Structures are given as structure tokens and as C-alpha cells.
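First comes the structure, then the notes that go with it.
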Amino acid sequence: MAATVPPRDGPPRDGAVRRLMELGFSQYEAQAYVGLVGHEPLTGYALANVTGIPQPKVYETLRRLTAKGVVAAAGGDPARFVAVPADRLLADLEETFRTRLEGAQRELARVSEPVAPGYRVLQAPAGWRPISDHAVRAIDQAARHVYVSVSAADTGDIAAALRRADDRGVACDVLYFGEPIVVLRNGRTVGHESTRGVVYRRHQARHLAVVADSADVVWALAEDGQHWQSMIGRDKLLAALAKGYIRHDLYVQQIWADFGDVLAERYGPGMQQLAGELTAPSPNPASGATEGRRRGRPA
């Protein structure tokens, strides 16, 4: 009679099963391998007790794993099974994946055609979580410079990605609305002070703009603060537009830091009067004629 084997349960086992399923194993295959790896050979009956795989399924699962070279029969009556070591399994999976990937690259190269002229291919996920995930990925892949402008409630993942970029020596320019989201050593964080405390008609709007290495871009907006729309991709034209937008805002905030009192007196809180009709500047801003033209009155 086979010795009684206590179940191997718990988060590490569950996590290993989940990862193997992500690599293409069925649930029963992953459970069987994790139940065997690093332990003495087990009969199918004992393995079913260890893993909870139904007995009618355990032998079928072991046959599939044996055919794949993932487990081997160790002999005996009844037969006992042992798993190949984890490092060997992972090496085999890596080699198989590389071979399949190279084959897919060759075949796709034969049938792929360039994007039709007049079109650009961009992703447009909706919802903050996938947009934030794309932003984190762009920042994590940056090698030289990252620009970020953000007004959002949940910026924790983006802040963590910026800290990682900062640790790698990537220069980061971050424009934030409200409270600072991160402290950097290799870049700068600038608050949008010109609008602090100013209530706009669309004050609930939220946005995110990320440009990494002048190529990868995430541009997203939630006009009502909740329903996000976005444009995301590796597109140098869109990246140049987004980077120019962020840099211009950074320059305005520097000007506000130096001349905030003058600008507030001339254009009102948050320079809101600039949103009105613009007129041509005059060489002499103090003249009455200029003031008349600026206000739309004859000189």
C-alpha cells in the first residue's frame, strides 16, 4: 500500500499552479506537476490525494505530462511518477517559446504589409487602470528622458515607476496638479501653481500625458473625472505634440513662479482672462491705444 502523503496546499503552491497555467498548462497538468516536483515518486492514487485532482482525471493527466516529457514513470507496480526538475522544465519551455516566436516572426514577415498611407495605428483603452498600466510600462522602458503631466486621483503606480526610472538615472520632468506625487534626484517635479485654488467650469476634468524617450506616448483625458479616453502607442509625431504640451506648461509655471503677482493682477486668478479674446500685442503695453485695442475698443 502506498504511504499516505499529506496535501501540499498554500499560497506558494497556488501561485506556481497559476503561473504554469499562464504558460499553457491545463489546471490539472499544473496541479499534477506542482504536486510532484521536488518530491519522491508518487502513484496516481497518491497524487490525486495530494493535489485534489479527481482520480478519473489523474491518470489521463499523467499520460499527457509524460508524453510532453514533463514527468516520467519511475517503475513499480502500481507505477510511480516523478517530475523533471523545475529548472529543466523552464529551460525547455523557454527554448520551445523561442522556436515558436522565431517561426511566427518569419511567417508574419511574409504576409505583413505596411500600414496604409494616411493612417496611424494607436491603442485607445478606456478606463484608468489600463491607461495607468500603459503609462507605467512606458516609464519602465525609458532609457533617457520621461515627461509626465498628471491630474488624477490614483497615481501610486505611476509614482513608483518614476522612482524606478530615477534610480536608473533617467531624467524625469513631472508636472503635477494638487499635491506632489514623487520626489526625484535626476529630474524635477513642478506643481501647477498658476491654477491652485482656482475653480474652473471644468474643474472636475482629469488628464495624463506621458512621453518616454520622445517616442512612446500615453495621452488620456476624463472630462468628467471618471470616464477616460486615450491615445497610446509608439508614435513620434504624437510624442512631439504631447512633449511640447508638457514643456510649454512647465515653462508657464516657471514664469508664474517668477512673476505670479504681476500676471494675476493683469489677467486675474489663474490668468483666466487669457481665455478671452486675444489681440495683437503692442510695442508699448502701457499706452492707452494698446489698452483700447486689447479690450476691443477703438484707440
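The values are calculated or read from the model by the stated rules, or taken from the named source; none is laboratory data. Since we're looking at a predicted model, the values are computed, not measured. Here the Cβ is made from the backbone with ideal geometry for all residues, glycine too, and neighbour counts use every protein chain on show. Note: accessible area is taken over every heavy atom of the protein model, side chains too, but ligands, DNA and RNA are not part of it. Shrake-Rupley method; radii C 1.70, N 1.55, O 1.52, S 1.80 Å.
Worth pointing out:
- Neighbour cut-off at most 13 other Cβ (10 Å), DSSP loop, chymotrypsin sites (Phe, Trp or Tyr not before Pro), the stretch 87-164: Y119
- Antiparallel %, DSSP beta bridges [both residues in the stretch 55-191], to 5: 25 percent
- About the centre of its Cα atoms, the stretch 1-154 shows a dipole size close to 200 debye [charges on the beta carbon of Lys, Arg (+1) and Asp, Glu (-1) only; nearest 20 debye].
- Couplings 3J(HN,Hα) of the stretch 24-34, computed from phi: x, 6, 6, 4, 5, 4, 5, 4, 5, 5, 5 Hz, in residue order, whole Hz [Karplus 6.51 cos²θ - 1.76 cosθ + 1.60, θ = phi - 60°; x for Gly and Pro].
- In a simple Cβ point-charge model (Lys, Arg +1; Asp, Glu -1; nothing else charged), the stretch 118-276 has a dipole of about 340 debye relative to its Cα centre.
- Loop trypsin sites (Lys or Arg not before Pro), the stretch 137-242 (other Cβ atoms within 10 Å of the site Cβ: 14 or fewer; DSSP): R144, R168, R185, R196, R201, R202
- For the stretch 1-158, the direction-averaged projected area of the alpha-carbon convex hull comes to 15.5 nm².
- Close amide-amide hydrogen proximity is noted between G187 and C172, each under 5 Å apart and 5 or more residues distant or on a separate chain (H modeled in the peptide plane; Pro and chain starts excluded).
- Rounded percent of accessible protein surface that carbon and sulfur make up, the stretch 37-166, 1.4 Å probe: 55 percent
- Convex hull projection area averaged over all views, the stretch 14-56, Cα basis, nm²: 3.0 nm²
- Under conditions of 4 °C and 1.567 mPa s, the stretch 82-161 yields 75 µm² s⁻¹ as its translational diffusion coefficient, taking Rh as the Kirkwood radius over Cα pairs in the Stokes-Einstein equation.
- Value of Rg/Rh across the stretch 55-107 [Cα atoms, Kirkwood radius]: 1.15
- Counting all C-alpha pairs of the stretch 30-90, share separated by more than 16 Å (%): 33 percent
- Radius of gyration and Dmax over the Cα atoms of the stretch 175-257, both given in Å: 13.6, 36
- Counting only protein heavy atoms and using a 1.4 Å probe, the accessible area of E193 comes to about 80 Å².
- Within the stretch 70-121, the trypsin sites (Lys or Arg not before Pro) that combine a DSSP coil assignment with at most 14 other C-beta atoms in a 10 angstrom radius are R120.
- Annotation: per residue accessible area for the stretch 192-272 equals 58 Å², rounded to a whole number [probe 1.4 Å, protein chains only].
- Antiparallel content of DSSP bridges confined to the stretch 110-250, in %, to 5: 65 percent
- Fraction of accessible area attributable to carbon and sulfur, the stretch 178-270 (%, probe 1.4 Å): 54 percent
- Relative contact order [Cα under 8 Å, 6+ residues apart], the stretch 2-122, whole percent: 21 percent
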